[in-house]
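This report concerns only the one structure given below.
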Amino acid sequence: MLVDAIATQATFKFYNTAGAVLDSVSISSSGGTLPTDSPTNPPGSTPGDVNKDGKVNIVDIGLIIDHYGEAPLVYTNADLNNDGKVTIIDIGIVIDNYAI
Ligand SMILES: [Ca+2]
Ligand SMILES: [Ca+2]
């Protein structure tokens, strides 16, 4: 992930094992587009909390990146919108609920 000096933009790049870029997504706090899917959460859970530790932070984004693109799912907690895939939409859900 690359973050600019004033932290208004982050770029996520996803690589295959040969080092080739599979996907690249930039997210900006000043007009960028974020996924709009709403997470499905059981009662009492924290939206975007992948590892269920009660916090939504960089650890949760890291877990999604670790499992990005898995099909079938190995770590179901990383599929926050329950669509059967781990994608940028799931990262967007963490970012929408990120607590600094
Ligand atoms: Ca967490
Ligand atoms: Ca998903």
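No value in this document is a laboratory result; all are computed from the given coordinates. As the structure is a computational prediction, the values presented were derived from the model and not from experiment. Positions of Cβ are backbone-derived with ideal geometry, glycine not excepted, and every protein chain shown enters the neighbour counts.
Annotations
- All positions within the range 55-100 that are more than 13 Å from ligand 2 (Cβ to nearest atom) and polar (S, T, N, Q): Asn57, Asn97
- Residue within the range 45-54 that is crowded, with 17+ Cβ neighbours inside 10 Å and within 13 Å of ligand 2 (Cβ to nearest atom) present: yes
- Residue count for the range 41-100 satisfying the condition of being closer than 22 Å to Val25 by Cα, assigned to a loop (DSSP other than H, G, I, E, B) and acidic (Asp, Glu): 4.
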